Amino acid sequence: MKNMKKVLAGALAAVMVLSMSAAAFADETEAAADGTAVSQNARVNWRDEDLTVYKDMKLKIGYAPATMNNPFWLAVLDGVQEAVDAAGADVEVIPVSGEADQSLINDGINNLIADGIDYLLAAPADVAAAESAFKAANEAGIPVINFDTPVDEGENGGYGDLAATIIASDNYNAGYVCGADVAAKFDDHIKILVAHSPRATSCTRRYAGFFDALDEAGADYEIVQEVDGWGDREKSLNAVAPALVADPDIDVIFAINDPSAMGCYDAVEQATVQLEKDIKIYGVDGNPDIKVMIKNGQVEGTGSQSPNTLGFDSMVAAFKLEAGEEVEHKIDVDTFLITAENVDEFGTDGWQ
């Protein structure tokens, strides 16, 4: 642990929430003005463009997210459809799902390739294990639009050259803003329980960001337990419940997505032992249900992103590539913290 003064934690969290950016990986540089890290990746605003210029296109799109049992991925798909509707093009979108099992997702992608898709929109559950599917698409002449989970940040530098473009939320920052908020709210020793899902690359990045923020703030903390919640509400409930029995003296639960955070809340509510503290629960995604729980004081915060924007931009990228237009190789979609202090700005009736 570092021995920096605790006052740094509050300043750090405030900067992070207001700027909607964070320290990230090697492709980011320090901004002298406020000490935050500024991404060197492109940002776009394609919603203001007239997409009807693509109305005569006829495309078959493969949609291969990490799983289809999380509302987040359905919201991404809604964004894809929104872009299709805005263009008025003839687009067939075919989803596949392996329920976070990359080998099954790869099988689905191979089926899409055999079916003759024109573009593949893919968000791997496991970046390393997805490389073969990306190669297969490339060999078939099918451009891959990699969204949400960048494939250029894995071991050995990843394989970003297999993606025509990478459109991703900053998962590292989504965890970072949660960790910064924790550091700002605690002056003493912090006992943390983690509901992880280590198979998913995006989740490991959130985990890294969360604890990097605590370390950079000089927070005094310990990881009491780390359980595997699989990013699922019921599985997280079942994993966290016995962890609370083993150690009811917990300050914070960090869950790597919102369904897992809701399962953690269920475990706290159904605890079979007397909990010693009011546990602060954090998730990642910013889905409508978690925002209601934040508003009701049941969950402390969520590192939020906009799945609708991920889907919209991914589909527009396909239109642009089909039209022979240049598309930046890497495009950022912001992540940011939602708490009780700002939840009304984003609303609870849909995704931001």
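Taken together, the values in this text are just the output of simple stated rules run on the coordinates, not laboratory data. What you see is a predicted model, and the numbers here were worked out from it, not measured in a lab. Heads up, the Cβs are rebuilt from the backbone with ideal geometry, glycines too, and the neighbour counts pull from every protein chain shown.
Rounded, prolate or oblate for the range 197-255? Axes are the square roots of the Cα gyration tensor eigenvalues, ordered a ≥ b ≥ c, and the cut-off for rounded is a/c under 1.5.
oblate
Full extension of the chain between Ala42 and His329 gives 102.5 nm of extra length, using 0.36 nm per residue less the Cα-Cα distance. Taking every C-alpha pair closer than 8 Å and separated by at least 6 residues, the mean separation divided by the residue count of the chain gives a relative contact order of 20 percent. Inter-label distance, Asp220 to Asp349: 4.7 nm, where each label sits 7 Å from its Cα along the C-beta direction.
Once backbone amide H atoms are built at 1.01 Å from N, Lys280 has Val252, Ile253 as its partners under 5 Å, excluding neighbours fewer than 5 places away on the same chain.
Distances between placed amide hydrogens fall under 5 Å for Asp220 paired with Ile190, all partners being 5 or more residues away or on another chain. Amide H contacts for Ala163 (H built 1.01 Å from N in the peptide plane; partners 5 or more residues away or on another chain; cut-off under 5 Å): none found. Ranking Leu244, Tyr265, Leu275 by how far each Cα lies toward the positive end of the dipole of the range 218-288 (charges on Cβ) leaves Tyr265 at the top.
Backbone geometry of the range 265-275 corresponds, through the Karplus equation with coefficients 6.51, -1.76 and 1.60 at θ = phi - 60°, to 3J(HN,Hα) couplings of 4, 4, 5, 5, 5, 9, 3, 8, 10, 7, 6 Hz, x marking Gly and Pro.
To the nearest 20 debye, what charge dipole does the chain have about its Cα centre, counting +1 at the Cβ of each Lys and Arg and -1 at the Cβ of each Asp and Glu?
Details: 22 positive and 61 negative charges, 67 e Å.
For the chain, the charge dipole is close to 320 debye.
Using 0.36 nm per residue and subtracting the Cα-Cα separation, the extra length available between Lys55 and Ser103 on full extension is 13.7 nm. Relative contact order for the range 129-212: 28 percent, from Cα pairs under 8 Å spaced at least 6 residues apart, divided by residue count. Per-residue Karplus couplings for the range 49-66, computed as 6.51 cos²θ - 1.76 cosθ + 1.60 with θ equal to phi - 60°, are listed in order as 8, 7, 7, 5, 5, 9, 5, 8, 6, 10, 10, 10, 10, x, 10, 10, x, 4 Hz, Gly and Pro entered as x. Every helix of 4 or more DSSP H residues in the chain counts as -39500 (n - 2.57), and over all residues that averages to -13000 deg cm²/dmol at 222 nm. What shape does the range 145-273 have by the C-alpha gyration tensor, where a ≥ b ≥ c are the square roots of the eigenvalues, rounded means a/c under 1.5, and otherwise prolate means a/b greater than b/c and oblate the rest? It comes out oblate by the Cα gyration axes. Stretching Glu139 away from Lys277 to a fully extended chain increases their span by 44.1 nm, per 0.36 nm per residue minus the current alpha-carbon distance.
Mean-square fluctuations from a GNM of the chain, with a 10 angstrom spring cutoff on Cα atoms, peak among Asp251, Asp161, Asp181 at Asp161. Our analysis of the range 137-203 gives Rg over Rh at 1.16, with the two radii drawn from alpha carbon positions and Rh computed by the Kirkwood formula. Between Asn110 and Asp247, the modelled labels are 4.3 nm apart [label points 7 Å from Cα along Cα→Cβ]. Coupling constants for the range 283-288 follow from the phi torsions by the Karplus curve (6.51 cos²θ - 1.76 cosθ + 1.60, θ = phi - 60°), and in residue order they are x, 9, 1, x, 6, x Hz; glycine and proline get x. Put in order of Cβ neighbour count within 10 Å, fewest first, the listed residues Tyr176, Tyr221 become Tyr221, Tyr176.
Could you tell me which of rounded, prolate or oblate describes the chain, using a ≥ b ≥ c as the square roots of the eigenvalues of the alpha-carbon gyration tensor, with rounded for a/c under 1.5 and, failing that, prolate when a/b is larger than b/c and oblate otherwise? Taking the square roots of the gyration eigenvalues as a ≥ b ≥ c, the chain is prolate.
Note on the range 86-161: with charges restricted to the Cβ of Lys and Arg (+1) and Asp and Glu (-1), its dipole about the Cα centre is near 100 debye.
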